Amino acid sequence: MKQEKQRGRKWFAWLPLSLLLLLSGCSENIAVLNPKGPVAKVQYDLIMWSIGFMLLIIAVVFVLFAVVLIRYREKPENADYEPPDEEGNTLLEIVWTAIPIIIVTVLAIPTVKATFALEKPQRHDVEPLTIHVTAANWKWIFSYPDQHIETVNYVNIPEDVPVKFKLTSVGPMNSFWVPELGGQKYAMDGMETQLILQADQPGSYMGRSANFSGKQFTHMEFEVVAQKKEDFEKWVKEVQQTAPKLTKDKYAEILKPGLVGRMTFSNTHLEWVDHAKQNSHHMNNGEHSDHHGNMENDHHEH
Amino acid sequence: MKWSEFFVTGEPLIYAADVAIVLTIIGIVFVLTYFKKWKWLWDEWLTTVDHKKIGIMYIICAVLMLFRGGVDALLMRAQLTAPNMKFLDAQHYNEIFTTHGTIMILFMAMPFIIGLMNVVVPLQIGARDVAYPYLNALSFWLFFFGAMLFNISFVIGGSPDAGWTAYFPLASNEFSPGVGNNYYAVALQISGIGTLMTGINFLVTILKMRAPGMTLMRMPMFTWTVLITCVIIIFAFPVLTVALALMTFDRLFDTQFFTMANGGMSMLWANLFWIWGHPEVYIVILPSFGIFSEIVSTFARKRLFGYKAMVGSIVGIAFLSFIVWVHHFFTMGAGPAVNSFFSITTMAIAIPTGVKVFNWLFTLRKGKIRFTTAMLWALAFIPNFVIGGVTGVMLAMAAADYQYHNSYFLIAHFHYVLIAGTVFACFAGLHYWYPKMFGHLLNERLGKWTFWLFMIGFNVCFFPMYFLGLMGMTRRMYTYSAGLGWTPLNVVATIGAALMGIGFIVLCYNIYYSARYGERDMTGDPWDGRTLEWATASPPAHYNFPITPEVTDLDAYWVMKKNGNGLEVKEEQLKPIHMPSNSGRPFLISIAFFFAGFGLVFKWFTLAIIAAIFIILGLILRSFDDDDGYYISVDEIKRTERLARKGA
Ligand code: HEM
Ligand SMILES: [Cu+2]
């Protein structure tokens, strides 16, 4: 019968273990819990707020569970105990309906607030930087329409400036995720979604596709390099002056399924195609373009 | 199509599988022939319309599929144990996680639950069979041949590789050429039709065939959950049927419903998939709740606490399950208002679920708890499922979900609900109703070994995944680099998976061991049960009850026992019993479905059309079939019952 008692206790082993992991040095490694920008910080606060309530629920249920198992297990002393026939208890049942309602409410309110807040830049006193992101099998292409530069598989951003990432894809859907800077959004063919992120401090942050997009999806990694403002501007100038021009042929080659290394160009493919505004394959409606978008695009504003 | 493309080639693992499949088939044919069992197989199993035998066949298939899906899982865990492993390449890994997910949900969890449903529900409501026994056999065989069709993709033509969610445009011909996703579309369609018919069948069975006196509010909780599940099936599965049909058109006839060109809309697939997909997870969890309710109540020797609230909460969950699907793609950019709405509806599911957890806890309170193997599974469900549930609520918070979505955090969540919910329920139900199915008990010692190995292994495997997710590890990665710091937790997870595998092996050994040495159940009521399935012999005669029981309260059999009148058979009360006849047609029609499906997969339309003609022929023959069953004479019932009691 002692065994039973130990069983009851075993359930608890997992709880402290989780806390231990969470609070120990390991947390250095945990990208989501190390926000490096205000967007990730909003999410971090929401996550911590919810984890608090969740641990409370877990604690209540686990304690009740253990107490009940230990007290009401069958043992020699209670051999002729016959459990009573209870149907329920309206008061108790109202209580444990009400408590979850309250918890859900206190979670829902900040959730809704945060969900709305994340659609807008976290600061309004600086002009956001716009970067178009194109996911293609299996690489990430970053176009800076105002700076007229383009990079592949890495993206430099200035610190403390909200960045509007305009996401689209050539082919399968991907998800643009930089855990230290904030949560993800899908990049879809022929569509544009927007994700606003911001870095608080210079540094290098890992980004990757979070949505399966075929054979080499695992390798769809990119680096976000946040720089001091001056450094960023210097980098832009340098690229504008020294990087090669992106040609249509070169771009078509980049789009071919496969892996490529990092690249830098002193113009953007937006000059002739914006995949967000058209299906990148098999155009119809009388307008013509052959495969990878040779259509002259009259949408760009610069 | 060249023959070299027809068979999957080039992989030692595949060749080994080919050899294993051929040897198994030869082995089965040999054994059946040697022991002259062909006729027995045909008469007793392939043509049966008996709900108990159909249930057993469902469960056998589910256990086999658990093995297949489990091997997939172990291969994936092996590949992820250490960074940059070369055990599986990207393509192979992609195929394996796709088949793993599809098989586990559709060909393991569903049939296991439907199998238990088949065995138990008619017994619990005091019926002789389901409302439409012939249809029931057809449901099973459609599921079976659907599952077989899906499984042969592994050696013939190639497996699907676009994930069990098969998102477009990835799953379109352009990005997934080859027949893999044709298998997905067609095999799921065939078995899905079977599931839809099961939903209708059990809905009618429960509404129309309850024993006299069993009002809705006197139904056992498992029967209640099955009833509500049937309603979900009837509303959710047609959506899958339509979505798969459109997918089939896109893939076979180059229509553009979900593709990128000509106004095709890939987001439509995601919506249709999850409008079915979210209710689907409740189709496998609600009956599990029912199984736990029965077991907790039996082994606490107490009536279920808050029966009415339990019924109310399953109805509430069923309703909510249809208005939460967008939580699977908060990140698609639907806008904050839409996301907020679906956040709140999703979190609301936690309310009825919480009510149920407390009702289980209070059923245990003041009880006299016996720790049988079945009860251990049911008890372990509570804390483990709560972990899965609270992380579900965290995922439901849209703004936070942007950080969890498609990461290992999500993987951990749904395994905590699907394994600690559905799989634990299947094991619990298997141990609990095993004597009813086979007339002997599963060995308790081995059962407890399985339980501890599997339950601990499960936590060791999946708990670290919450942290891997927060570290940025996304699902469906086939490898990762060393510098990320993900290695230790991945090693731990693989160890856990291995423990679960060992637990499964012990379970299989237990089935063998108990068949040889297991304790016989002479009473029909080995657990001191409360509901009607324990009022009849183990295993029951094919007519279930010699005399239809009369129900006066919830826990009908418990009340009978208390009042000192079990189901004594008074021979003068016996009347001839009407039973449905066996039929080989469901089996044959389903074979035709298999060939029709196979034809579609490879675009061999001649084969598909010929097979379709056979299907229609089968339906026509059925319409002119005037065999409306047969009567079992009173003498035969007397003989059967005396024999059963002599055993006792
Ligand atoms: C308290 C109850 C629950 C809540 C609040 C909840 C919430 C969620 C949410 C929000 C997601 C999507 C997360 C994402 O993709 O980012 C999700 C995924 C999932 N849930 Fe739950 N869930 C609950 C219970 C269950 C149950 C009972 C099951 C099954 C038995 C289940 C199975 C799944 C599965 C299979 C997925 C992932 C499917 C995929 O993407 O492949 N959940 N859940
Ligand atoms: Cu869902």
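Of all helices (runs of 4 or more DSSP H) completely enclosed by the range B:64-165, which ones contain at least 3 residues that are over 30 Å from B:Tyr557 (Cβ atoms) and assigned by the TED database to the domain that holds B:Glu280?
Helices (runs of 4 or more DSSP H) meeting the threshold: B:90-102, B:133-152.
Can you list residue pairs whose Cβ atoms sit under 9 Å apart, with the first residue in the range A:226-247 being in contact (Cβ under 8 Å) with a residue 40 or more places away in the chain and the second being surrounded by fewer than 13 Cβ atoms within 10 Å (Cβ to Cβ) and in a loop (DSSP other than H, G, I, E, B)? Count only pairs 6 or more apart in sequence or on different chains.
A:Ala226/A:Gln201
Of the conditions (1) within 16 Å of ligand 1 (Cβ to nearest atom); (2) among the β-branched types (Val, Ile, Thr); (3) open to solvent by less than 10 Å² (accessible area, probe 1.4 Å), B:Ile275 clears all except one; give me its number.
Unmet for B:Ile275, out of (1) within 16 Å of ligand 1 (Cβ to nearest atom); (2) among the β-branched types (Val, Ile, Thr); (3) open to solvent by less than 10 Å² (accessible area, probe 1.4 Å): (3).
For the subset of the range B:368-385 comprising residues that are more than 9 Å from every other protein chain (Cβ to nearest Cβ) and of a type in the set (A, V, I, L, M, F, W, C), which member is farthest from the chain's Cα centre (by Cα)?
Across the range B:368-385, the extreme among qualifying residues is B:Met375.
Would you confirm whether or not the range B:297-317 contains a residue that is within 16 Å of ligand 2 (Cβ to nearest atom), open to solvent by 30 Å² or more (accessible area, probe 1.4 Å), in a helix (DSSP H, G or I) and closer than 30 Å to B:Ser191 by Cβ?
Checked against the condition, which is being within 16 Å of ligand 2 (Cβ to nearest atom), open to solvent by 30 Å² or more (accessible area, probe 1.4 Å), in a helix (DSSP H, G or I) and closer than 30 Å to B:Ser191 by Cβ, the range B:297-317 yields no hits at all.
Hey, A:Thr105 hits all of (1) within 30 Å of B:Val390 (Cα to Cα); (2) open to solvent by less than 40 Å² (accessible area, probe 1.4 Å); (3) out of contact with any Gly (no Cβ under 8 Å at 6 or more places or on another chain) but one; which does it fall short on?
(2)
Condition test on B:Val19, is it of a type outside the set (Phe, Trp, Tyr), free of Cβ contacts under 8 Å to residues at least 60 places away in the same chain and open to solvent by 70 Å² or more (accessible area, probe 1.4 Å)?
yes
If a residue has to be within 30 Å of B:Tyr543 (Cα to Cα), more than 28 Å from the chain's Cα centre (by Cα) and in a helix (DSSP H, G or I) to count, how many in the range B:33-55 make the cut?
The qualifying residues number 2.
Only one of these conditions is not met by B:Asp161: (1) away from ligand 1 (no atom under 16 Å from the Cβ); (2) open to solvent by 10 Å² or more (accessible area, probe 1.4 Å). Which number is it?
Condition (1) is where B:Asp161 drops out.
Select from the range B:319-351 the residues that are within 24 Å of A:Pro100 (Cβ to Cβ), of a type in the set (Gly, Ala, Ser) and more than 11 Å from ligand 2 (Cβ to nearest atom) and list them in ascending order.
Within the range B:319-351, B:Ser340, B:Ser343, B:Ala348, B:Ala350 qualify.
So, in the range B:258-296, exactly how many residues are under 30 Å from A:Arg71 (Cα atoms) and more than 13 Å from ligand 2 (Cβ to nearest atom)?
The number of residues fulfilling the criteria is 11.
Kindly establish whether B:Thr195 is in contact with a His (Cβ under 9 Å, 6 or more places away or on another chain) and crowded, with 22+ Cβ neighbours inside 10 Å.
Answer is no for this residue.
Would you point out the residue of the range B:462-486, among those that are open to solvent by less than 10 Å² (accessible area, probe 1.4 Å) and among the small types (Gly, Ala, Ser), that is nearest to the other protein chains (Cβ to nearest Cβ)?
Step by step, filter the range B:462-486, then rank; the result is B:Gly472.
Quick check on my filter: what residues within the range B:329-361 are open to solvent by 10 Å² or more (accessible area, probe 1.4 Å) and touching a Gly at 6+ places or on another chain (Cβ under 7 Å)?
B:Ala350, B:Pro352, B:Thr353
Would you check if there is a residue in the range B:406-418 being within 10 Å of ligand 1 (Cβ to nearest atom), at the interface with chain A (Cβ under 10 Å from one of its Cβ atoms) and buried (at least 24 other Cβ atoms within 10 Å of the Cβ)?
Yes; the residues of the range B:406-418 include at least one that is within 10 Å of ligand 1 (Cβ to nearest atom), at the interface with chain A (Cβ under 10 Å from one of its Cβ atoms) and buried (at least 24 other Cβ atoms within 10 Å of the Cβ).
Just to be sure, is A:Val95 surrounded by fewer than 16 Cβ atoms within 10 Å (Cβ to Cβ), assigned by TED's automatic domain parsing to the domain that holds A:Val42 and over 21 Å from the mean Cα position of the chain (by Cα)?
Yes.
Being open to solvent by less than 70 Å² (accessible area, probe 1.4 Å), more than 28 Å from the chain's Cα centre (by Cα) and not assigned by the TED database to the domain that holds B:Lys52 narrows it down to one residue among B:Leu617, B:Leu607, B:Leu600, B:Leu621; which is it?
That would be B:Leu607, the only listed residue that is open to solvent by less than 70 Å² (accessible area, probe 1.4 Å), more than 28 Å from the chain's Cα centre (by Cα) and not assigned by the TED database to the domain that holds B:Lys52.
Return yes or no: is B:Ala334 free of Cβ contacts under 8 Å to residues at least 24 places away in the same chain and more than 12 Å from ligand 1 (Cβ to nearest atom)?
yes
I want to confirm something. Restricting to the range A:235-277 and keeping residues that are surrounded by 14 or more Cβ atoms within 10 Å (Cβ to Cβ) and of a type in the set (Val, Ile, Thr), which single residue is nearest to A:Gly190 (Cα to Cα)?
A:Val273
Quick one: count up the residues across the range B:420-437 that are crowded, with 24+ Cβ neighbours inside 10 Å, away from chain A (no Cβ under 14 Å) and more than 6 Å from ligand 1 (Cβ to nearest atom).
Qualifying residue count for the region: 12.
Going by the structure shown, is B:Ala378 assigned to a helix (DSSP H, G or I), surrounded by 24 or more Cβ atoms within 10 Å (Cβ to Cβ), on the phi < 0 side of the Ramachandran plot and away from ligand 2 (no atom under 16 Å from the Cβ)?
yes
Can you tell me how many residues within the range A:146-168 are open to solvent by 10 Å² or more (accessible area, probe 1.4 Å) and touching a Ser or Thr at 6+ places or on another chain (Cβ under 8 Å)?
Result for the range A:146-168: 4.
Could you list, in sequence order, all residues of the range B:332-367 that are in contact with a Pro (Cβ under 6 Å, 6 or more places away or on another chain) and either more than 7 Å from chain A (Cβ to nearest Cβ) or under 12 Å from A:Glu93 (Cα atoms) (or both)?
Passing the criteria: B:Ile351, B:Gly354.
The values are calculated or read from the model by the stated rules, or taken from the named source; none is laboratory data. As the structure is a prediction and not an experimental result, all values here were calculated from the model. Using ideal geometry, Cβ is built from the backbone for each residue, glycine included, and neighbour counts are taken over all protein chains shown. Ligands, DNA and RNA are excluded from the accessible area calculation, which covers all protein heavy atoms including side chains. Shrake-Rupley method; radii C 1.70, N 1.55, O 1.52, S 1.80 Å.
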